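First the structure, in the form of structure tokens, and then the observations on it.
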Amino acid sequence: MTRTTPRRNVLISGAGIAGPTLAYWLNRYGYEVTVVEKAGALRAGGYPVDVRGTALEVVRRMEVLPRLREAHIDLRRLTFLSGDGGQVASVHPYSITGGVEGHDLEVRRGDLTDTLYATVRDDVEFLFNDSIDTVVPSDHGVDVTFHGGGSRPFDMVFAADGMHSRTREMVFGPEERFHRYLGYCFAVFTMRNTFGLSHETVMWNAPGRAAALYAVEDHDEVHAFLNFARPKSPFGAFPDLTAQRDLVVEVFADAGWEVPGMLAAMDDADDVFFDAVSQIRMPRWSSGRVALVGDAAYAPSFLTGQGTSLALVGAYMLAASLADRDHTAGFAAYEHDTREFVTLNQGLVGEGGTTLFPTTAEGLEQRNERLRKLRTIPTAEGRPAHSALTLPEFMPRT
């Protein structure tokens with residue numbers, strides 16, 4: 001008579017990027033996986049995200065790289081404008097991002113989440129329109145109650161629910177302990193493409209302020225982006241949509257170029273997303289049988305361009321660390337093997353802020369001089385941090 005080891009059952013909070021990736025690999029390692037997502041469905045469309053370096057190997061091993069290649073946006077031009085709307089420089093985007101032509105990926109966030117979900121939906125339980133209400137350690141694991149009602153025991157719980165993770169707050173305490181504000185706030189939304197833009201971004205800069213129009217393709221919509229420096233994060237505006245819009249209008253009231261039209265479009269938009277430009281820095285990524293992954297653990301901010309790649313790599317490394325270990329040893333291995341990669345990529349934030357959002361007239365002019373000297377498409381291997389980790393091989397559980 002053959003005895004089989006019961007499958008360990010785990011819960012993942014969040015069906016964005018890190019969540020489905022972690023679900024895929026844990027399922028491959030023999031875990032019984034449930035994913036809970038507070039939204040009623042996956043978000044369609046969305047702003048573009050980058051997949052670079054080590055993260056490309058993760059999606060290759062998931063056998064979704066060809067599909068993502070088909071969804072590649074292929075942004076061809078990034079044009080910088082001065083405060084009066086005059087052109088400063090027009091460069092290839094990889095000159096700024098450190099990406100590698102013909103290798104790295106840029107896809108709509110919705111295309112990536114759809115692709116990841118498709119790889120696991122038949123093997124993993126998804127609970128949409130629900131969320132975790134309480135997490136209580138027990139002798140056997142973790143007892144979870146759900147907002148929609150009911151409770152279930154799990155061997156482990158994973159928070160993949162973003163930078164403002166409620167699961168993290170329940171287990172580790174208030175976000176303020178781990179939130180590192182980087183001095184900027186931003187609003188992003190969609191508006192009509194009346195500018196004739198295609199496969200390009202145009203960015204207007206004044207000291208401490210930036211406005212950008214991002215055209216993914218020949219489409220009737222563009223992503224509008226308004227960013228501004230703020231010494232202290234305006235936390236009071238975050239719960240109040242009207243306060244958010246009023247703050248952005250106040251900051252950009254005297255701005256030129258296309259900004260007045262962008263402010264008017266923001267007033268009519270139903271998809272405005274407002275937030276601080278920040279990182280999550282935590283001394284540890286686990287507590288008991290609960291672990292964090294992706295932005296919930298180490299959001300690097302969009303200034304690094306590495307949020308999506310860290311989510312993919314972190315999810316792979318967490319699952320691999322648990323392949324043949326219990327939670328204590330597995331979580332320790334996850335931190336030991338992944339933290340240096342995270343730290344290197346979070347460190348790219350200084351480069352991004354200096355290039356995209358100079359806060360002084362002197363800094364802006366210095367940035368513009370550097371841009372004027374960029375003339376060719378880069379042929380380098382990308383920034384070293386992007387590929388600074390070699391993935392362990394997948395070892396299926398027997």
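The values are calculated or read from the model by the stated rules, or taken from the named source; none is laboratory data. All values reported here derive from a predicted model rather than from experimental measurement. Don't worry about glycine lacking a Cβ; one is built from the backbone with ideal geometry, like all the others, and counts go over all protein chains shown. The accessibility values were calculated without ligands, DNA or RNA, using every heavy atom of the protein model including side chains. Shrake-Rupley method; radii C 1.70, N 1.55, O 1.52, S 1.80 Å.
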task = List every DSSP H helix in the chain whose Cα atoms extend 30 Å or more along the helix's own long axis and whose mean Kyte-Doolittle hydropathy is at least -1.0.
result = none
inquiry  = How much accessible area per residue does the chain have, counting only protein heavy atoms and a probe of 1.4 Å, in square angstrom?
reply    = 45 Å²
Surface accessible to a 1.4 Å probe, His336 within the full protein complex, Å² = 150 Å²
ask   = Pulled fully out, how much extra length does the chain show between Asp271 and Thr343, if you take 0.36 nm times their separation in residues and subtract their Cα-Cα distance?
value = 22.7 nm
note = Ranking Trp285, Trp257 from most to least accessible area with a 1.4 Å probe gives Trp257, Trp285
message = In Å, what Kirkwood hydrodynamic radius results for segment 277-398 from the alpha-carbon pair distances?
response = 16.4 Å
query = Where nothing but the Cβ of Lys and Arg (+1) and of Asp and Glu (-1) is charged, how large is the charge dipole of the chain around its Cα centre, in debye to the nearest 20?
reply = 1000 debye
ask   = Which part of segment 86-117 falls in the paramagnetic zone of Arg60, meaning amide N under 13 Å from the point 7 Å along Cα-to-beta-carbon?
value = 103-105
Cβ charges +1 (Lys, Arg) and -1 (Asp, Glu), total dipole of segment 1-155, debye = 240 debye
ask   = How much length, in nm to one decimal, is gained on full extension between Ala44 and Glu70, taken as 0.36 nm per residue of separation minus their Cα-Cα distance?
value = 7.7 nm
request  = Go through Phe235, Gly98, Gly363 and say which Cα lies farthest out towards the positive end of the charge dipole of the chain; charges sit on Cβ, +1 for Lys and Arg, -1 for Asp and Glu.
outcome  = Gly98
key: Integer Hz, Karplus 6.51/-1.76/1.60 couplings in order for segment 188-203, x for Gly and Pro   = 9, 6, 9, 8, 5, 8, 9, 10, x, 8, 8, 6, 7, 10, 10, 10
query = Percentage of Cα-Cα pair distances in segment 58-135 greater than 18 Å, rounded to whole percent?
reply = 61 percent
Furthest towards positive pole of dipole, Val251, Phe341, Thr194, structure part the chain, Cβ charges = Phe341
remark   = For the chain, the percent of all C-alpha pairs falling in each 20 Å bin, from 0 up to the bin holding the max distance, is 27, 57, 16, 1, 0
note = What helix-only [θ] at 222 nm does the chain give? Using -39500 (n - 2.57) per DSSP H run of at least 4, over all residues, to the nearest 500, the answer is -9500 deg cm²/dmol
remark   = Under a 1.4 Å probe, counting only protein heavy atoms, Ile73 has an accessible area in Å², nearest 10, of 10 Å²
query = Given the C-alpha centroids of segment 129-190 and segment 253-321, what is the distance between them in whole angstrom?
reply = 15 Å
message = Out of the total accessible area of the chain (probe 1.4 Å, heavy atoms of protein only), what percent is carbon and sulfur?
response = 49 percent
ask   = Roughly how many Å² of Ile132 are accessible to a 1.4 Å probe, to the nearest 10?
value = 0 Å²
ask   = Quick one: if you stick a label point 7 Å off each Cα along the C-beta vector at Asp240 and Ser82, how many nm between them?
value = 3.9 nm
